[in-house]
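J.: A single structure is presented below for examination.
The values are calculated or read from the model by the stated rules, or taken from the named source; none is laboratory data. Since we're looking at a predicted model, the values are computed, not measured. Cβ sites come from the backbone with ideal geometry, for glycine too, and all protein chains shown count toward neighbours. Side chains are part of the model used for accessible areas, which takes the heavy atoms of the whole protein and leaves out ligands, DNA and RNA. Shrake-Rupley method; radii C 1.70, N 1.55, O 1.52, S 1.80 Å.
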Amino acid sequence: MNTFLRRGSVGLVVSSLLAVSACDRSADRAIPDVICGTRIDPGVTRPLLTTTAGLSEYDRVDRSAAVTAPCLVLAQDLVAMRFRFSWDADAADLMYLAQDTGKVSRVSAPRYLTGAPYKTLVGTDGAISQAACKTKGGKYFTLTFQLPQVKLTDQSHRTDIEKFMRAYFPATVKTLGCA
């Protein structure tokens, strides 16, 4: 009888763990593995989204034209992630962009990353990265990433934003065909 109970308990625990991991995988399946034309692990994106329900994308980015344009990830028709792809002749001052009072590039409490392969700053609600990238749109590519649903004083997403940008920005630069 004890053997039967132990086996039953072990089976119940294993079944519960499998059910939980299956739920986690199904939630990640709702997250696209390509965001704004860049392949990204859904596991890196998941912590930045408050919901995965009704995800869609509005993308005006044309990499071949290299013209500044937005890309939005929507969750239930609300902006969950905002990207701004920008090509310029000169390097931008990222701190100046982050402290802008408008909605286009503002990032709260920005700090430069150390050890990043590209010039990057991360804030509590977004990040901005820049790379030398010679295209017909200019010599520099700047990507602004914002999470509009994050409250300005919420410090809990900074690490997740940093992890996302360390993966997303280099992958995006690879898609640009920089000379």
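J.: For Lys119, which of the numbered conditions (1) over 17 Å from the mean Cα position of the chain (by Cα); (2) at pLDDT 90 or above; (3) basic (Lys, Arg) fails to hold?
T.: (1)
J.: Just one of (1) in contact with a Lys or Arg (Cβ under 9 Å, 6 or more places away or on another chain); (2) open to solvent by less than 30 Å² (accessible area, probe 1.4 Å) trips up Tyr168, so point out which.
T.: Among (1) in contact with a Lys or Arg (Cβ under 9 Å, 6 or more places away or on another chain); (2) open to solvent by less than 30 Å² (accessible area, probe 1.4 Å), Tyr168 violates only (1).
J.: Something else: For Phe141, state whether it is aromatic (Phe, Trp, Tyr), crowded, with 20+ Cβ neighbours inside 10 Å and closer than 14 Å to Met81 by Cα. I'd like the intermediate steps shown before the answer.
T.: Working: aromatic (Phe, Trp, Tyr): yes; crowded, with 20+ Cβ neighbours inside 10 Å: yes; closer than 14 Å to Met81 by Cα: no.
No.
J.: Tell me whether the range 148-164 contains one or more residues that are modelled with pLDDT under 95, in contact with an Asp or Glu (Cβ under 6 Å, 6 or more places away or on another chain) and small (Gly, Ala, Ser).
T.: no
J.: Residues in the range 62-88 that are assigned to a loop (DSSP other than H, G, I, E, B) and either farther than 22 Å from Lys139 by Cβ or at pLDDT 95 or above (or both): how many?
T.: Going residue by residue through the range 62-88, those that are assigned to a loop (DSSP other than H, G, I, E, B) are 62-68, 76-77.
From what's left, either farther than 22 Å from Lys139 by Cβ or at pLDDT 95 or above (or both): 76-77.
Matching residues across the range 62-88 total 2.
Each row is one residue, and each column tells you yes or no for (1) of a type in the set (Phe, Trp, Tyr); (2) more than 25 Å from Asp62 (Cα to Cα).
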residue: Tyr96; (1), (2): yes, yes
residue: Lys103; (1), (2): no, no
residue: Arg111; (1), (2): no, yes
residue: Gly115; (1), (2): no, yes
residue: Leu121; (1), (2): no, no
residue: Asp125; (1), (2): no, yes
residue: Ile128; (1), (2): no, no
residue: Cys133; (1), (2): no, no
residue: Lys136; (1), (2): no, no
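J.: Of all residues being closer than 19 Å to Tyr168 by Cα and among the polar types (S, T, N, Q) in the range 139-154, which is farthest from the chain's Cα centre (by Cα)? Just the residue, please.
T.: By that ranking, first place goes to Thr142.
J.: While we're on this one: Out of (1) touching a helix residue (DSSP H, G or I) at 6+ places or on another chain (Cβ under 6 Å); (2) touching a residue at least 40 places away in the same chain (Cβ under 8 Å), what's the single condition that is false for Cys178?
T.: All conditions pass for Cys178, except number (1).
J.: Of everything in the range 148-165, what is in contact with a strand residue (DSSP E or B) (Cβ under 6 Å, 6 or more places away or on another chain) and open to solvent by less than 10 Å² (accessible area, probe 1.4 Å)? Give them in sequence order.
T.: Those that are in contact with a strand residue (DSSP E or B) (Cβ under 6 Å, 6 or more places away or on another chain) and open to solvent by less than 10 Å² (accessible area, probe 1.4 Å): Ile161, Met165.
J.: When residues of the range 56-95 are filtered for being open to solvent by 70 Å² or more (accessible area, probe 1.4 Å) and small (Gly, Ala, Ser), how many remain?
T.: Of the residues in that region, 1 qualify.
J.: Looking only at residues that are charged (D, E, K, R) and over 18 Å from the mean Cα position of the chain (by Cα) in the range 89-108, which one is modelled with the highest pLDDT?
T.: Step by step, filter the range 89-108, then rank; the result is Asp90.
J.: Here are some conditions: (1) free of Cβ contacts under 8 Å to residues at least 12 places away in the same chain; (2) farther than 26 Å from Val34 by Cβ; (3) in contact with a strand residue (DSSP E or B) (Cβ under 8 Å, 6 or more places away or on another chain). Met95 meets all but one. Which one does it not meet?
T.: Only one criterion in (1) free of Cβ contacts under 8 Å to residues at least 12 places away in the same chain; (2) farther than 26 Å from Val34 by Cβ; (3) in contact with a strand residue (DSSP E or B) (Cβ under 8 Å, 6 or more places away or on another chain) is unmet by Met95, namely (1).
J.: Tell me, which residue of the range 101-125 that is part of a loop (DSSP other than H, G, I, E, B) and charged (D, E, K, R) is surrounded by the most Cβ atoms within 10 Å (Cβ to Cβ)?
T.: Step one: filter the range 101-125 for residues part of a loop (DSSP other than H, G, I, E, B), giving 101-110, 113-118, 123-125.
After this cut, where a residue has to be charged (D, E, K, R) as well, the list is 103, 106, 125.
Numbers: Lys103: 11, Arg106: 19, Asp125: 23.
Step by step, filter the range 101-125, then rank; the result is Asp125.
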